[in-house]
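One structure below.
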Amino acid sequence: MLIDAVNILFRIALPSATLTLAWYSLIIKPRQALRPNFLFLLLVSLISGIFLQSFFAIPLPLVALGIITSSFVVLCVQDIPQLHLLMPVFCLVGAFIFQHQKNHAENLLLHYGNKPLTLCGTITNKEECAGIFKEQWRLDVQQIQRNNESIPVSFNVLCYSKKITDLMPSDSISVQNVMLKTSQTPSISDKPTFFDYLIKEDALCSLFVDHQTSYVLDNRPSWSLNRWLWTQKMNLYHACKQKLSYTAFTYFSLIFLGNKHFAKYDSLRALFNQWGLAHFLARSGLHIVLFIFMWTFLLNLMPLPLQCKRLILLSCCFCYCMLSWISISFIRAFLVFVLTQLGAIFSRQTNFLHLLTLVCLLILLFNPIQLFFLDFQLTFGLTFTLAWLARTT
């Protein structure tokens, strides 16, 4: 339980405290005039810290000592501009949260790997797969049973099954005869591995449920919000599948719902790559703009106040997010749109480049390993480039 509490402290409290420190120093009590791109410079500092830590692997106690010292200097020193003091804080925080994210997964595998276990947890999501495995479950493991001993833990596992099961989200199950495999991986600065991908997806490892690994349904609650949302999403998915042709449904599912779990996805992506159109298959800002445009057109036909229309549009976008499959490009476009709409609702001036920087900063603070993956680099790199060119011209 102590390890879980420390993990929650570092994964949630430290990024939140860092943002609070920046807000207090730069906004609440600004001692000097702020530079217009201060948020972007803090983002560059955070990225620099993550990169440096991936190369040099500085011990966490030294990084923590640097964070405490630099934070104390930020709060006490009056003469030096706050931005100059906050930049090393964000650099050190980036190094710390990245190293802690990797160490936490490696330590869990070191303690519980290569030993027969029984995992007890709750299914948080279930996906249909195409190929040998028919289903994928995301299991939130809360307890490990080993040698007649129950150990409280907290991590996620991706489970794959070759058979269609009747399991649903919010079901509590016990997966028996499990052996977590350790993974020896090279430095992530060289090339991301599958283990790094699992860390990015907030999963410790992947399991394959077969004749040697079985599961038992322990409890199914009479009602849960997670299961209800999942049921609505799957009902919508299957209703569209029945009413549309195979080709139309394939493109609709991929582009507007973001579901890539179908048999011919790889061949379809290869065809789009050949013509240089693969980016159209990645659901991002373009597809959200189409969705928003359709709803804006319908709302303009209704005699409603402007603020009411904005709230309805926000509600529709939140429903769209919950009833579809999300990706990093979708999260980027969705969060920027939400922040833009909130600024309009509260009559606050917004700047697209600043909002994009804030979204990127939030994602890296809570999941720093995203920085080394191509989807994150492309969606933010291209969007930053286009936004900067638009601003300069």
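The values are calculated or read from the model by the stated rules, or taken from the named source; none is laboratory data. Keep in mind that this is a model prediction, so the values were computed, not measured. Using ideal geometry, Cβ is built from the backbone for each residue, glycine included, and neighbour counts are taken over all protein chains shown.
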(message) If ILE151 meets every condition in (1) of a type outside the set (Ser, Thr, Tyr); (2) surrounded by 18 or more Cβ atoms within 10 Å (Cβ to Cβ); (3) not in a helix (DSSP H, G or I) apart from one, which number is that one?
(response) (2)
(message) So ILE292 passes all but one of these: (1) within 19 Å of the chain's Cα centre (by Cα); (2) in contact (Cβ under 8 Å) with a residue 40 or more places away in the chain. Which condition number does it fail?
(response) (1)
(message) Report every pair of residues separated by at least 6 positions or lying on different chains whose Cβ atoms are under 9 Å apart, first residue within region 235-249 and over 18 Å from LYS126 (Cα atoms), second assigned to a loop (DSSP other than H, G, I, E, B) and not aromatic (Phe, Trp, Tyr).
(response) CYS240/LEU257
(message) When the residues of region 35-68 are narrowed to those that are in contact (Cβ under 8 Å) with a residue 40 or more places away in the chain, part of a loop (DSSP other than H, G, I, E, B) and not basic (Lys, Arg), which ends up nearest to LEU371 (Cα to Cα)?
(response) ALA57
(request) Considering every residue within region 94-117, establish whether at least one is assigned to a strand (DSSP E or B) and at pLDDT 85 or above. (result) yes
(request) Could you run through region 196-239 and say how many residues are more than 19 Å from SER170 (Cα to Cα), assigned to a helix (DSSP H, G or I) and under 27 Å from the mean Cα position of the chain (by Cα)? (result) 8
(request) Can you give me the number of residues within region 240-257 that are part of a helix (DSSP H, G or I) and farther than 18 Å from PHE291 by Cβ? (result) 6
(request) Spot the failing condition for TYR160; the list is (1) in contact with a helix residue (DSSP H, G or I) (Cβ under 6 Å, 6 or more places away or on another chain); (2) assigned to a strand (DSSP E or B); (3) among the hydroxyl-bearing types (Ser, Thr, Tyr), and only one is missed. (result) (1)
(request) Scan region 63-86 and give yes if some residue there is at pLDDT 75 or above, exposed (fewer than 13 other Cβ atoms within 10 Å of the Cβ) and either of a type in the set (A, V, I, L, M) or touching a Ser or Thr at 6+ places or on another chain (Cβ under 7 Å) (or both), otherwise no. (result) yes
(message) Checking the conditions here, which among PHE195, PHE208 is over 14 Å from GLN136 (Cα atoms), modelled with pLDDT of 85 or more, in contact with a Cys (Cβ under 9 Å, 6 or more places away or on another chain) and not polar (S, T, N, Q)?
(response) PHE195
